[in-house]
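Some notes on the structure that comes next.
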Amino acid sequence: RKEVEQDPGPFNVPEGATVAFNCTYSNSASQSFFWYRQDCRKEPKLLMSVYSSGNEDGRFTAQLNRASQYISLLIRDSKLSDSATYLCVVNTGFQKLVFGTGTRLLVSP
Amino acid sequence: GAGVSQSPSNKVTEKGKDVELRCDPISGHTALYWYRQSLGQGLEFLIYFQGNSAPDKSGLPSDRFSAERTGGSVSTLTIQRTQQEDSAVYLCASSLFAESASPLHFGNGTRLTVT
């Protein structure tokens, strides 16, 4: 089983839609979690950290479910500029940040 | 301020040659990571440096790969006797601390093509 798993997508949604991605992790000792965004042929950039109580940043909401070992990212009111690959990142507790393969989002007019 | 700088941005080499990739992290960042990303794939962890501690080399795919970090700053990733499967984008990232909540700042990567 992979340490971090994501649905590769692509998720095709119209502008204004709400879309959610999940990411599962295998190591129950994982300590911290992040969502990164990667545009085509660009380097990944931090989108948001994921806190135990859940957190929101504008149109983006991240949640953590430790019991089921998954994190989620919800994007409301999708914009064309949200089109990108969203990478789930897990700190497995050994200071090693493990990246998922990413979920591709395509927002169309 | 200056971000993470990687050089070269592109490298084409013949199979069997050695290559050296350089990463200049953000000043003051104590943690430095190397990842590689093959076309259409996720990021594969290679190696991690934290201060003066022994590096975590658990992700290096073979003994042809090595990395060092001099003076706690600049890092070089060396691939000996390159193979075609080494073709990928090699990404370097640094973070202020090795603390779990410290975000990674990535360089633009080195695109390596082995012919």
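In segment A:85-109, the residue that is nearest to A:Gln6 (Cα to Cα) out of those that are more than 14 Å from chain B (Cβ to nearest Cβ) and aliphatic (A, V, I, L, M) is A:Leu105.
Which ones in segment A:31-49 are surrounded by fewer than 19 Cβ atoms within 10 Å (Cβ to Cβ) and facing chain B (nearest Cβ under 9 Å)?
A:Gln31, A:Arg41, A:Lys42, A:Lys45, A:Leu46, A:Ser49 - these are the residues of segment A:31-49 that are surrounded by fewer than 19 Cβ atoms within 10 Å (Cβ to Cβ) and facing chain B (nearest Cβ under 9 Å).
Taken together, B:Arg69, B:Arg81, B:Arg64, B:Arg22 contain a single residue that is touching a residue at least 12 places away in the same chain (Cβ under 8 Å), under 20 Å from B:Phe97 (Cβ atoms) and away from chain A (no Cβ under 11 Å), which is B:Arg69. Checked against the criterion of being among the polar types (S, T, N, Q) and either buried (at least 21 other Cβ atoms within 10 Å of the Cβ) or assigned to a strand (DSSP E or B) (or both), the candidates A:Ser68, A:Ser52, A:Ser28, A:Ser78 yield just one match: A:Ser78. If only residues of segment A:44-61 that are touching a strand residue (DSSP E or B) at 6+ places or on another chain (Cβ under 9 Å) and without any contact (Cβ under 8 Å) to a residue 12 or more places away in the chain are counted, the one that is farthest from B:Gly107 (Cα to Cα) is A:Ser53. Residue count for segment B:13-46 under the criterion of being more than 19 Å from A:Cys88 (Cα to Cα), crowded, with 16+ Cβ neighbours inside 10 Å and either touching a His at 6+ places or on another chain (Cβ under 8 Å) or not hydroxyl-bearing (Ser, Thr, Tyr) (or both): the result is 9. Restricting attention to segment B:65-90, the residues that are on the phi < 0 side of the Ramachandran plot and out of contact with any strand residue (DSSP E or B) (no Cβ under 7 Å at 6 or more places or on another chain) total 4. Whether any residue in segment A:92-102 is crowded, with 21+ Cβ neighbours inside 10 Å, farther than 20 Å from B:Tyr48 by Cα and not aliphatic (A, V, I, L, M) is what I want to check. Among the residues of segment A:92-102, at least one is crowded, with 21+ Cβ neighbours inside 10 Å, farther than 20 Å from B:Tyr48 by Cα and not aliphatic (A, V, I, L, M), which makes the answer yes. Residue selection: B:Ser38 fails the criterion of being within 14 Å of another protein chain (Cβ to nearest Cβ), over 29 Å from A:Ser30 (Cβ atoms) and of a type in the set (S, T, N, Q).
Would you point out which residue out of A:Leu74, A:Leu64 is touching a strand residue (DSSP E or B) at 6+ places or on another chain (Cβ under 9 Å) and free of Cβ contacts under 8 Å to residues at least 40 places away in the same chain?
Working: A:Leu74 fails: free of Cβ contacts under 8 Å to residues at least 40 places away in the same chain.
After applying the criteria, what remains is A:Leu64.
The numbers here are math on the coordinates, done by the rules we state, and not lab data. Only a predicted model underlies this, so the values are computations on that prediction, with no experimental measurement involved. Glycine also receives a Cβ, built like all others from the backbone with ideal geometry; neighbour counts cover every protein chain displayed.
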